[in-house]
Amino acid sequence: MWRLAWGDQRMLILALVALWGAFPWIYLWLQAQVPMGDFQLLLRLIPDDWQKLSGVPLAEVATHAGRVALAFVDPIVVLGATVWGVTRGSDIVAGPLERGTMEMVLAAPVRRGAVYAAQAWATVCGAAVLAATLLLGTSTAVIWGPWREHLDPTRFVPAVGNVFGLMVCMAGLAACCSSVSNHRPRAIGVMCGFYVVSLVAKLVGRLSERLAWMGWLSVFNAYEPQRLVSGQADAWWLLARYDAVLLGLGMLGYLVGAVVFTRRDLPAPL
């Protein structure tokens with residue numbers, strides 16, 4: 001089951017390893033093309049209401065560490081983490097059922113819980129590999145990049161930990177959706193809707209004081225890697241709070257999905 005799970009996710013993890021390994025270098029090189037003075041001038045042109053979207057004061061963004069931290073909220077990282085979680089989580093039950101392979105797997109002397117746990121554990125381990133790749137790419141780009149004299153690579157470890165938490169959260173919630181469905185596209189569709197609603201809730205909560213409570217309904221309220229690059233102890237405490245939410249939701253999703261899968265009736269093969 002372990003070899004099967006890694007075989008199913010091999011191509012996706014290799015693609016994301018290549019992407020996240022190269023992205024920090026490209027991103028840091030592009031950022032270095034804009035001098036710090038010009039970047040600070042651009043920030044002053046942003047309307048005050050829009051500045052609420054950054055999640056941190058612009059004075060912190062207008063630093064070398066703050067500019068590197070923006071890489072962790074770049075769509076390449078956020079969507080990559082979401083794609084990993086949703087694609088792997090949705091394939092835990094609904095995928096094999098739709099392909100007609102679940103019946104053959106369960107025909108062997110193996111428990112349903114073991115099948116589920118192997119897929120879940122492989123997904124979480126894959127998320128750890130991707131997080132390590134992102135940290136390695138960021139660290140090497142910082143150590144040997146254009147800003148090597150201004151940055152300490154260790155200050156970006158908490159931010160990468162927050163990316164790992166997002167992957168586990170999305171994977172666990174997707175696994176929960178997959179466990180109650182017979183069709184993988186349906187589980188993916190539910191998670192896409194969840195992603196959009198969570199993103200909109202966070203934006204509305206940030207931009208509207210009257211609707212600020214909506215931000216607490218978004219899972220992305222616990223994804224703030226740009227706040228975790230101070231290099232101080234408070235960054236680790238903040239990471240513990242954020243990842244307690246993300247990992248907690250992910251583990252809860254996996255647990256509920258395991259209970260549903262072990263007790264549900266499976267459709268007969270066609």
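Starting from residues that are in contact (Cβ under 8 Å) with a residue 24 or more places away in the chain and in contact with a Gly (Cβ under 9 Å, 6 or more places away or on another chain), keep the ones in the range 199-220 and report whichever is surrounded by the fewest Cβ atoms within 10 Å (Cβ to Cβ). Per the stated criteria, the residue is L203.
Taken over the range 187-198, the criterion of being in contact (Cβ under 8 Å) with a residue 40 or more places away in the chain and either in contact with a Cys (Cβ under 7 Å, 6 or more places away or on another chain) or not in a helix (DSSP H, G or I) (or both) is satisfied by A187, M191.
Filter the range 239-270 down to the residues that are free of Cβ contacts under 8 Å to residues at least 60 places away in the same chain and touching a Cys at 6+ places or on another chain (Cβ under 7 Å) and list them by number. Of everything in the range 239-270, nothing turns out to be free of Cβ contacts under 8 Å to residues at least 60 places away in the same chain and touching a Cys at 6+ places or on another chain (Cβ under 7 Å).
Of the listed requirements (1) among the polar types (S, T, N, Q); (2) buried (at least 16 other Cβ atoms within 10 Å of the Cβ); (3) assigned to a helix (DSSP H, G or I), T262 misses just one: (2). Looking only at residues of the range 134-154 that are crowded, with 20+ Cβ neighbours inside 10 Å and of a type in the set (V, I, T), we find that the one that is farthest from P35 (Cα to Cα) is T138.
Answer yes if at least one residue in the range 95-110 is modelled with pLDDT of 80 or more, under 24 Å from L166 (Cα atoms) and not polar (S, T, N, Q), and no otherwise. Scanning the range 95-110, I find at least one residue that is modelled with pLDDT of 80 or more, under 24 Å from L166 (Cα atoms) and not polar (S, T, N, Q), so the answer is yes. Selection over the range 130-187 of residues that are touching a Pro at 6+ places or on another chain (Cβ under 7 Å) and either small (G, A, S) or over 27 Å from F220 (Cα atoms) (or both) gives a count of 6. Within the range 194-253, take every residue that is closer than 21 Å to R67 by Cβ and of a type in the set (K, R) and give me the one that is modelled with the highest pLDDT. Looking at the filtered set, the residue picked out is R227. Listed by first and then second residue, the pairs linking a residue in the range 91-107 that is surrounded by 13 or more Cβ atoms within 10 Å (Cβ to Cβ) to a residue that is of a type in the set (D, E) and outside any helix (DSSP H, G or I), with Cβ atoms under 8 Å apart and 6 or more places separating them unless they lie on different chains, form an empty list. How about the range 87-117: which of its residues are in a helix (DSSP H, G or I) and either in contact with a strand residue (DSSP E or B) (Cβ under 7 Å, 6 or more places away or on another chain) or of a type in the set (S, T, N, Q) (or both)? Answer for the range 87-117, where residues must be in a helix (DSSP H, G or I) and either in contact with a strand residue (DSSP E or B) (Cβ under 7 Å, 6 or more places away or on another chain) or of a type in the set (S, T, N, Q) (or both): T87, S90. In the range 225-248, the count of residues that are touching a helix residue (DSSP H, G or I) at 6+ places or on another chain (Cβ under 6 Å), in a helix (DSSP H, G or I) and closer than 30 Å to G100 by Cα is zero. Selection of the range 2-21 for residues being surrounded by 14 or more Cβ atoms within 10 Å (Cβ to Cβ) and either within 30 Å of W144 (Cα to Cα) or of a type in the set (D, E) (or both) yields D8, L12, I13, L16, V17, L19, W20, G21. Can L43 be described as at pLDDT 90 or above, at negative phi and either assigned to a helix (DSSP H, G or I) or not polar (S, T, N, Q) (or both)? No, not satisfied.
The values are calculated or read from the model by the stated rules, or taken from the named source; none is laboratory data. On a predicted model such as this, the values are computed, not experimentally measured, just so you know. All Cβ positions, glycine included, derive from the backbone under ideal geometry; neighbour counts span all protein chains shown.
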